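A short worksheet on the structure shown next.
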Amino acid sequence: MNKPEIKLIGENGLRTDGRRLDELRPIKMEVGVLDKADGSAYIEHGKNRIIAAVYGPREAHPKHIALADRAVIKCRYHMAPFSVEERKSPAPSRRELELSKVIRESLETSVMSEVYPRTSIDIFIEILQSDGGSRCAGITAASLALADAGIPLKEIVAGCAVCKIDGKIALDPSDIEDKQGDADLPIAYMSKSGLITLLQMDGSLTEDEFNQGLDIGIAACKKINEIQIEALKRKYISVKEQAEERHESQEAAA
Ligand code: ADP
């Protein structure tokens with residue numbers, strides 16, 4: 001049964017979760033959360049909970065997919081069956097296959113794949129809990145996992161969606177805003193070069209609304225990129241400190 005529609009912007013101009021129209025949801029990131037993967041990251045973006053893992057560069061499998069001049073990049077976006085309230089099949093859906101492709105393309109732009117010919121770089125994005133904008137948060141996490149795997153990147157990619165709710169452009173839609181809104185504009189962006197690596201649109205926007213949405217979406221990606229850099233620094237400062245401690249205790253023991 002469909003839930004009754006609710007007003008997404010209140011009399012006070014605030015959204016159902018108390019945010020202003022141009023406000024991001026709370027975001028937390030951690031790099032290097034899995035021991036076995038070459039690189040990994042965890043992100044909480046609103047109520048989205050996402051793990052990204054990267055394996056590679058490693059021998060391409062099956063061998064015939066290998067490319068002579070660069071690494072093959074593979075990507076799997078998958079929503080866990082428990083990630084949404086509705087019953088969800090664990091088998092990959094058409095939506096998940098399509099998202100795997102657009103996410104791969106959005107990350108491929110950033111990877112210096114020519115450094116590792118004949119290999120493959122495998123990216124896995126597992127949505128543990130979904131809350132709207134999961135493809136964008138998945139890109140943010142996967143780009144961090146690629147950096148954590150030590151894969152040379154031109155720069156880190158950050159993602160954020162924009163929506164139109166109750167006739168107004170708003171940043172970073174939550175699940176209800178995504179489902180009940182009039183339009184959804186997922187964006188992924190590289191802050192230094194200013195390159196947009198993902199731009200999709202569901203619903204319809206006027207040219208002015210589109211331009212306004214793009215502006216606030218890009219500004220949000222720049223903020224998210226700063227959080228990514230902080231998360232990477234935290235991991236490598238702690239690795240450095242641990243190595244120094246080990247070195248000191250070895251010297252003390254000698
Ligand atoms: P995004 O998560 O990138 O916004 P969509 O716009 O396709 O992607 O999906 C919006 C929301 O719809 C998701 O965050 C999720 O909450 C819900 N959703 C997507 N696929 C399913 C599914 N198979 N079953 C239930 N809900 C789903």
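The values are calculated or read from the model by the stated rules, or taken from the named source; none is laboratory data. Everything quoted here is computed from the prediction, not taken from an experiment. Glycine gets a Cβ as well: all are built from the backbone with ideal geometry, and neighbour counts include every protein chain shown.
Of the residues A253, A161, the single one that is of a type in the set (A, V, I, L, M, F, W, C) and more than 28 Å from S100 (Cβ to Cβ) is A253.
For the range 98-126, give me each residue that is buried (at least 24 other Cβ atoms within 10 Å of the Cβ) and within 16 Å of A53 (Cα to Cα). If the condition is that a residue be buried (at least 24 other Cβ atoms within 10 Å of the Cβ) and within 16 Å of A53 (Cα to Cα), then I103, L107, I121, I123, I125 are the ones that fit. Every test in (1) surrounded by 17 or more Cβ atoms within 10 Å (Cβ to Cβ); (2) over 30 Å from I237 (Cβ atoms); (3) in contact with a Pro (Cβ under 6 Å, 6 or more places away or on another chain) is passed by Q200 save one, and that test is (1).
Among strands (runs of 3 or more DSSP E) lying entirely in the range 71-176, which contain 1 or more residues that are more than 9 Å from the ligand (Cβ to nearest atom) and farther than 23 Å from L34 by Cβ?
Correct list: 158-165, 168-171.
Being within 20 Å of R135 (Cα to Cα) and modelled with pLDDT of 95 or more is a description that applies to L171. For beta carbons closer than 8 Å, sequence separation of 6+ or different chains, a first residue in the range 84-113 that is under 18 Å from G138 (Cα atoms) and a second that is within 14 Å of the ligand (Cβ to nearest atom) and of a type in the set (S, T, N, Q), the qualifying pairs are V84/S130; P92/S100; V102/Q200.
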